[in-house]
Amino acid sequence: MSIVAPDRERSATSHAITVYHPLRVHPVPFSEGITAYAVDGTPADCVRLALEVLLTDEDPCDIVISGINDGVNLGTDVIYSGTVSAAMEAVVMGVPALAVSLAEGCPPRPWQTAAEIAARCALQALSKGLADGTLLNVNIPSTPSSIQGVKITRLSSRRYMNGIHRRVDPRGRVYYWRAGTPVDNEGQAGTDAQALASGYVSVTPVHYDMTHYASLERLQDWRLDLL
């Protein structure tokens, strides 16, 4: 097994890649039999470096597991998530992938339980196969003793209230801090948010093709020609 991870916090970097400065890779001492690298780039950079450069033909990659992220990646937050985007980068390169996130909660956090769930999902993905261009977005409740089971879900609609905070620094200059409280439609049946709120592990298949196919025919009637 190999680990290739950012060398610092990279939350909300989405699918950004580094193109304006060189990437630095540093080997990191880890457990016996595991090769680990720290990269001063984004999560997507890490996956690209791993698959194209760092992993050898003698140690090919069977599956990419991105995470375990500290905090959930539900609903439309997958658009901003570096964790999900790292898994998506693997899928774009033709490698099956999972994005795994653990809900916030009181310590001690059940990281071992989350790892076991991630491993089980990975084994099933390798055994059963995933559809082309599809990753699994896995969100795990923070209390293992109350987990009710696993649900296959769709993405919910997640928005934030009071997302931009206006503040003034000691020199009187205005600045803005982005935060906010997430608002999940937990009552919407079949969604990842509802499953997690009910104590279930949520497993959502996510595809990178963002085309809205139902609109293709409708747009044919629009007058868009320049002549």
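Read the figures in this text as sums done on the coordinates, not as results from a lab. Everything quoted here is computed from the prediction, not taken from an experiment. Note: ideal-geometry Cβ built from the backbone for every residue, glycine included; neighbour counts use all protein chains shown.
Brief remarks follow.
- Protection proxy ranking, peptides 176-183, 89-96, average beta carbon neighbours within 10 Å, highest first: 89-96, 176-183
- Relative contact order (percent, whole number), the chain, Cα cutoff 8 Å, 6+ residue spacing: 17 percent
- Fewest-first ranking of Thr42, Thr113, using other Cβ atoms within 10 Å as the exposure measure: Thr113, Thr42
- Site pair His207 and Arg120 shows an inter-label distance of 2.8 nm when each label is modelled 7 Å from Cα along Cα→Cβ.
- Per the Kirkwood formula applied to alpha carbons, the chain shows a radius of gyration over Rh ratio, Rg over Rh, of 1.02.
- Normalised contact order of segment 1-128, rounded percent, pairs of Cα under 8 Å and 6 or more residues apart: 26 percent
- Subtracting the Cα-Cα distance of Asp40 and Gln148 from their residue separation scaled by 0.36 nm leaves 35.0 nm.
- Arranged from fewest to most other beta-carbon atoms within 10 Å of their beta carbon, Trp222, Trp111 become Trp222, Trp111.
- Spin-label model distance (nm) - Phe30 vs Asp70, 7 Å beyond Cα toward Cβ: 1.8 nm
- Mean residue ellipticity, 222 nm, helices only, the chain: the sum of -39500 (n - 2.57) across DSSP H runs of n ≥ 4, divided by residue count and rounded to 500, is -6000 deg cm²/dmol.
- Ordered by the count of other Cβ atoms within 10 Å of each Cβ, fewest first, Tyr213, Tyr20, Tyr208, Tyr37 give Tyr20, Tyr213, Tyr208, Tyr37.
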